[in-house]
Structures are given as C-alpha cells and as structure tokens.
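FYI, it's all coordinate maths here, none of it is from the lab. Keep in mind that what you see is a predicted model, and the values were worked out from it rather than measured. Note that we place each Cβ from the backbone using ideal geometry, even for glycine, and neighbour counts take in every protein chain shown.
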There are 2 protein chains.
Amino acid sequence: MNIIRIFGLRVRHYRKLKSLSQEELADLCDLHRTYIGSVERGERNITLLNAEKIAQSLGEPLISFFIEDGERDGK
Amino acid sequence: MNIIRIFGLRVRHYRKLKSLSQEELADLCDLHRTYIGSVERGERNITLLNAEKIAQSLGEPLISFFIEDGERDGK
C-alpha cells in the first residue's frame, strides 16, 4: 500500500482512538479540517514537518504512522 | 532533534554504508544531486513520497529513517 495511504489510515485510527473529530485534530495541529480529511483519505503527499505535527497532536511517535500491519480501521 | 534533520542524517548514514555518492543516490531515486545534498543537511521539508523513494533506493524500510538513537554519523 502506498505510504500516503498508510499514513492517512493511521491518522484516522489514532484520531478515532482518541475520540477526536477531524476539526478538533485540525485545531490541535493548527491545520485546516479539510486538510486533515484529505490526509486521512491518502490524497495528500504531506511533508515531514506536517506529518510530525499531526503525530505529536495525537501523542504518538511518528514511526507508528508508517507501520501497515497494525492497521485496524479503514471501514 | 528536528525530524527533517534526523531524516537527513539517516540518509547520509545509509548512503555511505552502501558506498554511494550523492550523485549515484540521486540517479537511483530520479532526484537531483543538489536535492539529496539539501535533504542530508536537514534543509528540506521533504514529502512522504520522496522520503519513501529515497528509502527504497537505499533498500531500507522508511521507518529506519525516523529513529534517532541509531545515529552514527553527523561528522
């Protein structure tokens, strides 16, 4: 699976785990809700700094977002 | 340490491990030598797709490029 798709699914997974809406996560990251939506859908070739910003806002190490086999969402 | 700095140091580490010049790595990735140089110096907020391209060209999983404590270069 494409890396930006894997990353997006992990963002969605951790966001839901923390019971945050896309808007709440966007506020925490200082990014826009539609940006978070496109990241989660794997539509955005995000930069490392924004990837790290999202990871930090979700309280998870960045490497957790690149591991495909832990995937549990996508429904 | 900043994530783009960590990434750059890991690229340099693995490139030297494989005895590749910046130009040779650039050719493998279909990127420019000066681009690889700026990535290694931590000057470039690279995208996930280019990060993955470099990782694949070096034959290492992407997550290996985000782990700071394995760092052995930087001289």
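Each peptide in B:8-19, A:21-32 was scored by the mean count of other Cβ atoms within 10 Å over its residues; highest first, the order is B:8-19, A:21-32. Listed from fewest to most Cβ neighbours within 10 Å, the set B:62, B:48 follows the order B:62, B:48.
With the Kirkwood sum run over all distinct C-alpha pairs, the protein assembly as shown has a hydrodynamic radius of 15.8 Å. Between the beta carbons of residue B:45 and residue A:34, assuming R0 = 22 Å, the FRET efficiency works out to 0.60 to the nearest 0.05.
Checking the Cα-Cα distances for A:53/B:18; A:16/B:53; A:18/B:53; B:16/B:53 against a 26 Å cut-off, the pairs over it are A:53/B:18; A:16/B:53; A:18/B:53.
Looking at the square roots a ≥ b ≥ c of the eigenvalues of the Cα gyration tensor of chain B, which shape do they give, rounded for a/c under 1.5, prolate if a/b is larger than b/c, or oblate? Judged from the Cα gyration tensor, chain B comes out rounded (a/c under 1.5). In sequence order, the range A:21-34 has phi-based couplings of 7, 4, 5, 5, 5, 4, 4, 4, 8, 6, 10, 8, 4, 5 Hz under the Karplus curve 6.51 cos²θ - 1.76 cosθ + 1.60, θ = phi - 60°, and Gly or Pro positions carry x.
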